[in-house]
There are 2 protein chains.
Amino acid sequence: MQTEEIGSEMQLSTGIFSCLCGWFKALIGKYKDKVLELAKYTKKIGKDDPRRVIHSLKVGLALTFVSLFYYTRPLYDGFGISAMWAVLTVVVVFEFSVGATLSKSLNRGFATFLAGALGVGAQHVASFSGEKGEPFLLGTFVFLLAAASAFSRFFPRIKARYDYGVLIFILTFSLVSVSGYHVEKILKLANQRLSTILIGGATCIVISIFICPVWAGEDLHNLVAHNLEKLGSFLEGFGDEYFRISESGEIQVVSKEDKSFLQAYKSVLNSKTTEESLANFASWEPRHGRFGFRHPWKHYLTIATLIRQSAYRVEALNNYINTNQSQAQSEFRRKIQDPCTKMSSESGKALKALASAIKEMNQPSLASPFLANSKTAMNDLRTALQGALSDATDLLEIIPDATVASILVETVSFVEKILEAVTELSDSANFKPADPLGISMEKQVVPCNRGSVRPISDGDIVITIHEKHESK
Amino acid sequence: MQTEEIGSEMQLSTGIFSCLCGWFKALIGKYKDKVLELAKYTKKIGKDDPRRVIHSLKVGLALTFVSLFYYTRPLYDGFGISAMWAVLTVVVVFEFSVGATLSKSLNRGFATFLAGALGVGAQHVASFSGEKGEPFLLGTFVFLLAAASAFSRFFPRIKARYDYGVLIFILTFSLVSVSGYHVEKILKLANQRLSTILIGGATCIVISIFICPVWAGEDLHNLVAHNLEKLGSFLEGFGDEYFRISESGEIQVVSKEDKSFLQAYKSVLNSKTTEESLANFASWEPRHGRFGFRHPWKHYLTIATLIRQSAYRVEALNNYINTNQSQAQSEFRRKIQDPCTKMSSESGKALKALASAIKEMNQPSLASPFLANSKTAMNDLRTALQGALSDATDLLEIIPDATVASILVETVSFVEKILEAVTELSDSANFKPADPLGISMEKQVVPCNRGSVRPISDGDIVITIHEKHESK
């Protein structure tokens, strides 16, 4: 019986052991999978926008540079523990785009200076009130200014542009006025602190402007053009998509990638916050590349609002692709199919022409013919509708088609509004006249102007678009 | 001649003087106006949300409290210059809602601890490499970790929840590892720094939780309910609005305030960012009031997405109120008017019932009858349409009406989806069964549970809504 027990015990422990082993292997396998997955994801994030990798290296560089102040004996002796503020400034102030970095640096610099001066003044005033009165007076100052500053951050305009400045203002004022109570050489300290902050801020600004700069303005410019293009692609393809599905009377299984142009517009619906912060940062940036000092960034927001409103209509249209797949082809549909498809595709082309006009900074005149075409199609639709009543057998059947037609008409009016807004932008930013061949001379002669990675492909894209326009 | 000159000079100088006087008065007047305007605006911002004023006072209080460390001799002797970190922490960490404050405090606390430990370790390792090798090794550490951390902030999940933590991690690691090169008593310093940060963070947390707390979770809860209500009000009034204008065939001038319910939905279109950040902060909050520890905050985002999608349809409907004002009443319109108005108003009532169910945390069963009514109206519309073809004389004339009807049908399907989503929320958050009388017992018995300012009015609102439902 004892042997049996030992045997079963051994069996049990072998069981546990092999079980543990298996578990351990599974654990390693699981973690290996997770690590591999993470690596893949990291690579994807870097590939999606390689500027991210460069930004990370720039942060590392800036931080290593300011930490030299600690290592280098004469510099450290000059600044002492205050050198810390340079490190702190770099970490907090270095942002992805030049505009954001400038906005934070300038906010931090001015706020520190102002609050430092006020803090020294407050400390000086408080020092007259005797040893007992001083902390009370200082405490009152801190309380009042902190409360007022905290409240001022609820003002939308301050929140948008000076939020960080106000934060640093409270911070510095409290620190200076309060530490003045103990540190005698407060002026020297304030001076050291300010200069190290300036050094940190300047390091960030220089690195962010001169090493592969990321301009918020250019991002906004491209984002707006890109969003226009997304809507354009949708509208260009919508007519075929809607009527083709209906023709065959069944859902055609097409790979998801082919349909991506039908979903791309969804990101436009929620781009408001991004656009607004980019426009804000852009207004801090100096002139760069193709953008002058007072480039009308606000106009982009106007265009973006109109784009978003069109996107809401596109969302409604998209719904009809999805819900309206089982209907058979009616006589009515056959009549409106051509004008609707044309209206949609010409509006799409107009939007794409506007997108390329913005991208190339050309006057948007090339979009007008497309808009005119879609208006002609709108009139054709009107004529078709006037004669279509006799063909309709069942109102229920024609209502989805009629709705699509109606929303398309709305979309055309939005395209017109967008054209107007882009023309306004073009006027106030002095866009150059459009070259009807689609290859702007300037682009070809000064491609290195932007320090871009692919100097010729821009021209290529324009040609492609135009070939498409012509061939359709 | 001399006298003349003097006379004209005097005239001139009097002229200049009076001119200056006038200018000065105008200047004062102008500034007075501006100051008055600013004062009015400030008052408005405070009135819009009185919690803002309280928040500002709380910030002042917290800051004054931690600056006591400077004034109080024994405390200052204990912490020295490190007391600064308490002030810094309060300024940077104190946010409007409890969730945001907690998120920042915890991020800051953990990141400081982790980075401090790593920094001490790095400094220790580097110290083995000799006087010359040490700065190089430390510089490499700083560069690598800074670049890696900066890159990690591009991961959407880290960006959403731990962005601030990563920032503080780089900051502390650089500071500790680098200042270790000079300061011998680094452990003591790190300890002081950590404890002052903890004191600052704890001060913020305590004040933000125990003095008039602002819960991000509650804000999200109310925001979603409020957005539902806005859409509900629009739909409730839309049918009358659309058909009444058309009936009389002219634009009726009504004061803007009366029409505000037609515009209120616009804020819903762009609420995504706010909702997401509130849901993020809410997930940091402990259980409070009616919200348990694992309250399903993510469900609110699902509902919010559906609400936004309905808002896009409402935007399309709204366009028809604006563009479709000059049409005379057709026979066709007369036929669909009743079912459309009913569909719209019953959907609106359903949404409002859902809003009040969320607000009161009741199961959303009271909304079902309204949804059923609007579905009945949808069938009525179908019948009306089947017979309406003979009444139509011109397709062009009926298309706007048909489009409105079609979008309303879509809206009903969204209301159904929202009902499902709210039911899911209600199931996972254990909402209590709805009281058909609209006065929940719990509300009446434990009104002080929430420490709310108006404990009974909630019940009142429900009654009002129900009376409305019945009377219409």
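The values are calculated or read from the model by the stated rules, or taken from the named source; none is laboratory data. On a predicted model such as this, the values are computed, not experimentally measured, just so you know. Positions of Cβ are backbone-derived with ideal geometry, glycine not excepted, and every protein chain shown enters the neighbour counts. Just the protein is used for accessible areas: all its heavy atoms, side chains included, with ligands, DNA and RNA removed. Shrake-Rupley method; radii C 1.70, N 1.55, O 1.52, S 1.80 Å.
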So the check is Cβ under 8 Å with 6+ separation or different chains; which pairs have a first residue in region A:310-321 that's assigned by TED's automatic domain parsing to the domain that holds residue A:409 and free of Cβ contacts under 8 Å to residues at least 12 places away in the same chain and a second one that's among the acidic types (Asp, Glu) and open to solvent by 10 Å² or more (accessible area, probe 1.4 Å)? A:319/B:410
Subset of region B:354-370, residues at pLDDT 90 or above and open to solvent by less than 10 Å² (accessible area, probe 1.4 Å), comes to B:354, B:355, B:357, B:358
Can you work out which of the residues in region B:195-213 that are of a type in the set (A, V, I, L, M) and under 18 Å from residue B:91 (Cβ atoms) is surrounded by the most Cβ atoms within 10 Å (Cβ to Cβ)? B:197
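Are any of the residues in region A:29-39 within 22 Å of residue B:155 (Cα to Cα) and facing another protein chain (nearest Cβ under 10 Å)?
Scanning region A:29-39, I find at least one residue that is within 22 Å of residue B:155 (Cα to Cα) and facing another protein chain (nearest Cβ under 10 Å), so the answer is yes.
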Sole residue being open to solvent by 10 Å² or more (accessible area, probe 1.4 Å) and under 23 Å from the mean Cα position of the chain (by Cα), chosen from A:187, A:223: A:223
I'd like the full set of residues that are over 30 Å from the mean Cα position of the chain (by Cα) and open to solvent by 50 Å² or more (accessible area, probe 1.4 Å), limited to region A:107-128. A:113, A:114, A:117, A:118, A:124, A:125, A:127, A:128
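Being of a type in the set (A, V, I, L, M) and open to solvent by less than 40 Å² (accessible area, probe 1.4 Å) is the filter here; which residues of region A:158-182 pass it? Spell out how you get there, then give the answer.
Of region A:158-182, the ones of a type in the set (A, V, I, L, M) are A:158, A:160, A:166-168, A:170-171, A:175-176, A:178.
Of everything in region A:158-182, those that are of a type in the set (A, V, I, L, M) and open to solvent by less than 40 Å² (accessible area, probe 1.4 Å) turn out to be A:166, A:167, A:168, A:170, A:171, A:175, A:176, A:178.
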Search result, residues across region A:396-413 that are hydrophobic (A, V, I, L, M, F, W, C), at the interface with another protein chain (Cβ under 10 Å from one of its Cβ atoms) and over 14 Å from residue B:396 (Cβ atoms): A:396, A:399, A:404, A:407
Scan region A:328-348 and give yes if some residue there is at pLDDT below 90, open to solvent by less than 40 Å² (accessible area, probe 1.4 Å) and among the hydroxyl-bearing types (Ser, Thr, Tyr), otherwise no. yes
List pairs: first in region A:356-382 and of a type in the set (Val, Ile, Thr), second assigned to a helix (DSSP H, G or I), Cβ under 6 Å, 6+ apart or cross-chain? A:358/A:225
Taking the conditions exactly as written (out of contact with any strand residue (DSSP E or B) (no Cβ under 6 Å at 6 or more places or on another chain), aliphatic (A, V, I, L, M) and away from every other protein chain (no Cβ under 11 Å)), does residue A:146 satisfy them or not? no
Residues B:108, B:52: which one is assigned to a helix (DSSP H, G or I) and within 8 Å of chain A (Cβ to nearest Cβ)? B:52
With criteria (1) open to solvent by less than 50 Å² (accessible area, probe 1.4 Å); (2) part of a helix (DSSP H, G or I), residue B:154 comes up short on (2)
Looking at residue A:95, is it more than 19 Å from residue A:168 (Cα to Cα), open to solvent by 20 Å² or more (accessible area, probe 1.4 Å) and of a type outside the set (S, T, N, Q)? no
